[in-house]
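This report refers to the structure that appears directly beneath it.
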Amino acid sequence: MYAGLQELGVANGEDLKETLTNCTEPLKAIEQFQTENGVLLPSLQYALPFLDLHGTPRLEFHQSVFDELREKLLERVSAIALEGKVEERYKKLEDLLEKSFSLVKMPSIQPVVMCVMKHLPKVPEKKLKLVMADKDLYKACAVEVKRQIWQDNQALFGDEVSPLLKQYILEKENILFSNDISFLQNFFSPSPKTRRQGEVVQKLTQMIGKNVKLYDMVLQFLRTLFLRTRNVHYCTLRAELLMSLHDLEISEICTVDPCHKFTWCLDACIREKFVDNKRARELQGFLDGVKKGQEQVLGDLSMILCDPFAINTLALSTIRHLQDLVGQDTLPRESPDLLLLLRMLSLGQGAWDMIDSQVFKEPKMEAELITRFLPLLMSFVVDDHTFTVDQKLPSEEKGPIPYPSTIPEAFTKFLQENRIACEIGLYYILHITKQRNKNAFLRLLPALVETFSDLAFSDIFLHLLTGNLTLLSDEFALEEFCTSLFDGFFLTACSRKENVHRHVLRLLLHLHHKVAPAKLESLQKALEPTKQSGEAVKELYNQLGEKLELRKPSPAEVTETPSMELPLPTVPTPASR
């Protein structure tokens, strides 16, 4: 409590204790101690007895004076940090720190010492080491001081950042597995600016400040974790962090990050959920502008493009372009904007391989993707238009055109072997589901059982699919639809992929009242958790069971109800005359 006072020649509690122990007249000793160490203001000597008359303890008086002086001192320190020449102001603060640092462990003085350190751009290393070695001091010091400690202690900085990164991933997963299923509000609904107001991004932004070294450390943590886990949410955080610093106009960092302008342009596209012609040209300019010897920037650009929000925007834009090309009778290879979208999708999807191999080259685009797969998707769009027009014709003019039920073998093969084709194919299926196109959905659904790296069973796709399926809620009453969806798709992976199990239960929790009772009963049996199932699956299954119990009619008591009909009295037949 009194640490450091002796070094400054100020008497403390221990001195008073010693004085009282060795004196013969304690009252005189106390009076003398008060005179020597009290507030040296002559007029105060007459005011103190007046406070005594009002029953105000001397401790309370001195504490209030102390608190007031401390506030004034804190204000003065903050003022010194802004006035005069830079060298002069920092010299004053360094002198003040030298005189006061011995009191840093004294709780009542500590805020002043910490304030002085906060305003110094470079705290002496010796003092930083003392702060770092003491857990309480380290915890109490301002983030401006911690930055100076962190920049030379990567392990300590990692310990501070690690819980935030775990929290961030958990928050993303909670959104994907949320029980609130809707096609209107999904994982991609919040705007980029809203997302980067999140707690984790804001805390990391504050921790980094204007320190380029700390920013580089965070990026290195994100790259390492992305490589270790393949979790694409780290790519999202990489983009959000840069744009958060952009919002605060931290030019010290934005000007040295070669991805800044590219990320800024892409952020605008993500906000609109579409890449227009003007921005497409800008993005292409950045990619084409990567000079020889600077290819390493492709690693960071690929990570920015691997962000699910970027992939979502690029894939949605691709589907929109394909629809436009159908109307224009134009082939995919003749559209430069479409080819750029594919180039960026390819770069984003190849992020992990590029960073892992450290070979910074854009992935080579397969010609068949453009010449065979995309025209195949366009043919599906034409099939839909043809069928829709045929249905609108008067009955006498209708041709016997049933909806195509077979899938071209090439489509299934592309979804299994080509990552970009698979991504675009999945987004096309999301598109037709959102349009309530049951025929097209049931036609293409079997192709999802086996896809590249099981992308059809990824959390992001299943989150979007379950949301879009709410638009087809009335179809869940049909045996054929449920058999195709559950038996033909979901249940093929439930036993080996717990996340699929969770998404199916989420869907049933939302739409169980639409499913036929017999089908619902068989699904409930099929989805029963095993001993190996996680707590989340068990919890969802129990919730579903409770909902189904509430739907069951209460067993009616089997009792004979008395007849409401009264017996007619027998009336004698009148004798015939």
Selection from the stretch 413-455 of residues among the polar types (S, T, N, Q) and not in a helix (DSSP H, G or I) yields Asn418, Gln435, Asn437, Thr451
Can you report the number of residues in the stretch 280-289 which are open to solvent by 10 Å² or more (accessible area, probe 1.4 Å) and either farther than 30 Å from Ile169 by Cβ or modelled with pLDDT of 95 or more (or both)? 6
Filter result for Arg551 (out of contact with any Asp or Glu (no Cβ under 7 Å at 6 or more places or on another chain), over 30 Å from Glu450 (Cβ atoms) and either basic (Lys, Arg) or at pLDDT 95 or above (or both)): yes
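Within the stretch 333-388, take every residue that is among the basic types (Lys, Arg) and not in a loop (DSSP other than H, G, I, E, B) and give me the one that is nearest to Ile304 (Cα to Cα). Before you say what the answer is, go through the steps one by one.
We begin by selecting, within the stretch 333-388, every residue among the basic types (Lys, Arg); these are 333, 343, 361, 364, 372.
Of the ones still in play, those that are also not in a loop (DSSP other than H, G, I, E, B) are 333, 343, 372.
Working: Arg333: 26, Arg343: 14, Arg372: 29 Å.
So, considering only residues that are among the basic types (Lys, Arg) and not in a loop (DSSP other than H, G, I, E, B), the one nearest to Ile304 (Cα to Cα) is Arg343.
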Consider the stretch 298-348. How many of its residues are touching a Cys at 6+ places or on another chain (Cβ under 7 Å) and either closer than 14 Å to Leu283 by Cα or open to solvent by 30 Å² or more (accessible area, probe 1.4 Å) (or both)? 4
Filter the stretch 230-276 down to the residues that are of a type in the set (Gly, Ala, Ser), open to solvent by less than 20 Å² (accessible area, probe 1.4 Å) and more than 22 Å from Asn174 (Cα to Cα) and list them by number. Ser244, Ala268
When you scan the stretch 32-133 for helices (runs of 4 or more DSSP H) that lie fully inside it, which ones turn up with 3 or more residues that are without any contact (Cβ under 8 Å) to a residue 24 or more places away in the chain? 44-53, 58-80, 86-100, 125-133
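Which members of the stretch 451-482 meet the condition of being among the charged types (D, E, K, R) and over 29 Å from the mean Cα position of the chain (by Cα)?
The answer is Asp474, Glu475, Glu479, Glu480.
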Quick one: in the stretch 57-105, which of the residues that are of a type in the set (Phe, Trp, Tyr) and within 12 Å of Met117 (Cα to Cα) is most open to solvent (accessible area, probe 1.4 Å)? Tyr90
Residues (among the charged types (D, E, K, R), in a helix (DSSP H, G or I) and within 24 Å of Arg195 (Cα to Cα)) located in the stretch 261-281: Lys261, Asp267, Arg271, Glu272, Arg279
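Results for (1) touching a Phe, Trp or Tyr at 6+ places or on another chain (Cβ under 7 Å); (2) part of a helix (DSSP H, G or I); (3) under 27 Å from Glu423 (Cβ atoms), shown as yes or no for each residue.
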{"position": "Leu465", "(1), (2), (3)": "no, yes, yes"}
{"position": "Thr470", "(1), (2), (3)": "yes, yes, yes"}
{"position": "Arg496", "(1), (2), (3)": "no, no, yes"}
{"position": "Leu505", "(1), (2), (3)": "yes, yes, yes"}
{"position": "Leu511", "(1), (2), (3)": "yes, yes, yes"}
{"position": "Ala518", "(1), (2), (3)": "no, yes, no"}
{"position": "Lys525", "(1), (2), (3)": "no, yes, no"}
{"position": "Pro529", "(1), (2), (3)": "yes, no, no"}
{"position": "Gln543", "(1), (2), (3)": "no, yes, no"}
Would you tally the residues in the stretch 173-212 being in a helix (DSSP H, G or I), under 24 Å from Leu509 (Cα atoms) and open to solvent by less than 20 Å² (accessible area, probe 1.4 Å)? 1
Condition met for Leu509 (open to solvent by less than 10 Å² (accessible area, probe 1.4 Å) and under 22 Å from Asp180 (Cβ atoms)): no
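The values are calculated or read from the model by the stated rules, or taken from the named source; none is laboratory data. This structure is a prediction, so every number in the text was calculated from the model and none was measured. For neighbour counting, all protein chains shown are included, and Cβ atoms are generated from backbone atoms with ideal geometry for every residue, glycine included. The area values use the complete protein model at the heavy-atom level, side chains included, leaving out ligands, DNA and RNA. Shrake-Rupley method; radii C 1.70, N 1.55, O 1.52, S 1.80 Å.
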